[in-house]
1. What pairs come up if the first residue lies in region B:159-171 and is open to solvent by 40 Å² or more (accessible area, probe 1.4 Å), the second is in a loop (DSSP other than H, G, I, E, B), and their beta carbons are under 7 Å apart, counting only those six or more places apart or on different chains?
2. In region A:154-183, how many are open to solvent by less than 80 Å² (accessible area, probe 1.4 Å), in a strand (DSSP E or B) and farther than 26 Å from A:Gln222 by Cα?
3. Tell me whether region B:57-66 contains one or more residues that are open to solvent by 50 Å² or more (accessible area, probe 1.4 Å) and out of contact with any helix residue (DSSP H, G or I) (no Cβ under 6 Å at 6 or more places or on another chain).
4. Could you run through region B:76-111 and say how many residues are of a type in the set (Asp, Glu) and either more than 11 Å from every other protein chain (Cβ to nearest Cβ) or at positive phi (or both)?
5. Which of (1) in contact (Cβ under 8 Å) with a residue 60 or more places away in the chain; (2) farther than 30 Å from A:Gln244 by Cα; (3) touching a Gly at 6+ places or on another chain (Cβ under 8 Å) is the odd one out, the single condition A:Phe148 does not satisfy?
6. Scan region A:109-131 and report the pairs whose first residue is without any contact (Cβ under 8 Å) to a residue 40 or more places away in the chain and within 14 Å of chain B (Cβ to nearest Cβ) and whose second residue is assigned to a strand (DSSP E or B) and open to solvent by 10 Å² or more (accessible area, probe 1.4 Å), with Cβ atoms within less than 7 Å and a gap of 6+ or a chain change.
7. Could you grab me the full set of residues in region B:91-119 that are free of Cβ contacts under 8 Å to residues at least 12 places away in the same chain and part of a loop (DSSP other than H, G, I, E, B)?
8. I'd like to check something: does region A:189-202 contain any residue that is without any contact (Cβ under 8 Å) to a residue 60 or more places away in the chain, open to solvent by less than 30 Å² (accessible area, probe 1.4 Å) and in a strand (DSSP E or B)?
Amino acid sequence: MRIAIIIFVILFVVLLIGAIPFGFAGQENIFYSFIFIIPCLALCIDLIYCAVKRHFHWRDLGFLITHWGIILILWGAFLSFWKGTETQFKFPIGHPIDSIPANNEKVYQLGFQMRVKDFKVDYYPPVYGLYELIPAANNPTHQDQYTFLAALKTNTAGLFVDGYGQVSLAQLQATGRIPAWQSLLQLDQKKFLKLEQLTPSSYTALLSITDDNNQTHEETLQVNHPLSYRTWKFYLNSYDQKDQKYIVLSAYQDPGRWLVISGIWLVMISTFIVCIFGKKFFKQKKEA
Amino acid sequence: MNLSYSFIYGLIGGAIALYTLACVFGFLKKYFGAMLCFAGAWCLNLSVFVINWVAGGVPPFGNMFHVMIFLTLCFLPFSFFFKLKLKSDWLLPYFAVAASLFLIGTLFMSPDLNWQQMPALKSFWFVPHVASYIISYALNAVALILTLQAVIQKNIRHSPDHATLLADTSYEIAIFAFPFMNFGLLSGALWAEQAWGTYWSWDIKETWSLITWLGYIIYFHIHRTKKWKQWHTAVQIAAFAALLVTFFVVNFLPRFQGGLHTYGS
């Protein structure tokens, strides 16, 4: 127990050093270095010793599962760190690729061809800010001569402005632009609307994948819905927000993934067993 | 400030007043009055939560205001739970004071009724990850208040029995809170793997949440040793300080704004 506490304290201090903001480059120097890895290895060894030393009894099941779960997480993380592959790249829409750039300026050959056949962004109704000319203004064409009054959410009919009336959806929309909304709309000499918030509700890429037998099939890719193909897993991170000419993908080959995920589920469930269901709370029931 | 924001701040102000009254009645051992005030405050608090939900169209866990409103909602149900376990009401004022303190913080935040859920937040894990963390923060706040009261009782009022009861209850509540904190941390890793491809990226929020988790791990282990148990109060305070950094400082300091979690700000 005391050795475990000492290891925990060392890890606590190392994490603090890595977290204190002397620049984010410090994190790479701390968390991917032996300063952090060696205490993690020591923790792994100590956890194995604790788990093996404890003679099995049903009442200790939660304790054992928790400790073995953490061991699995650490093993899986080491495996990912040692043998895993990751990269992030811009993927031009419409252009096929059969290799992707690695972080060290090399390339990974995919063994198949991929192309972004289509990409679509859906937006929530925009939020416009209503601004009014300040009484002492001497230059009505200058935006800083206006004061902010309210944020107005658009609906299917457009939006309603107090003291002006209804502004229709057609007046707010702008064709031939991305996004297709007016950024500025002068209502009258005293008031204007400014596009304050246009939030994507979803973005979807339709990928066409051709394997080495020239068989082609399509797959959709969205945030929180990654695509697994062969040994690769692709994640949609972002896109070209100005012209929508490319998307940004992350690609991973992670041999430690299933170890880590198994360990996570074991620890999540067993901690409830150890801390709540296996415990009798408040043995002392005195009044304070 | 527009009318709807005034209405929301009015509800919050009313809830703060009633939570404070519940706390006062509780310490005076007028538990029936305390419960009535606590329930009334909770209803006002719940109204704000519902307004946030209707405005956003999804469960409101997307910004600090949303999260603080949910956090203050946690105190009443858990005070009931511990009342049933203890068969006594003496913990009620501690839950009420915690609710009041956190709700005061929301008066300095904008309700942001135009918040919209970004694509990265559209996941099964959105509600469980945030909710479990908030539940653990609420319980750990009460545990810390009990610990501080124990320190006062021991060192200033010289009531060692009372101090021991407070300290033991604090430990039990922190133990109860830990699986929720653990679930929040690990479900975040599962969600990160689903969204970004990596279950851990040393984002500043992730790093501080791991520091907090480790702080409480040290606290629980030290509590079980004879030689080092004397340090457990200091360790609990340090762990809670890390919790406050994770919850507040990381969200508000500009230097930390480059992290992955700032989409939720």
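1. From residues that are open to solvent by 40 Å² or more (accessible area, probe 1.4 Å), the pairs are B:His162/A:Ala288; B:Asp168/A:Gln284.
2. 5
3. yes
4. Residues meeting the conditions: 0.
5. (1)
6. A:Pro125/A:Lys153; A:Pro125/A:Asn155
7. B:Phe108
8. no
The values are calculated or read from the model by the stated rules, or taken from the named source; none is laboratory data. The structure presented is a predicted model; accordingly, all values stated were derived computationally and were not measured. Note that each Cβ is placed from the backbone with ideal geometry, even for glycine, and that neighbours are counted across all protein chains shown. Heavy atoms of the whole protein, side chains included, go into the accessibility calculation; ligands, DNA and RNA do not. Shrake-Rupley method; radii C 1.70, N 1.55, O 1.52, S 1.80 Å.
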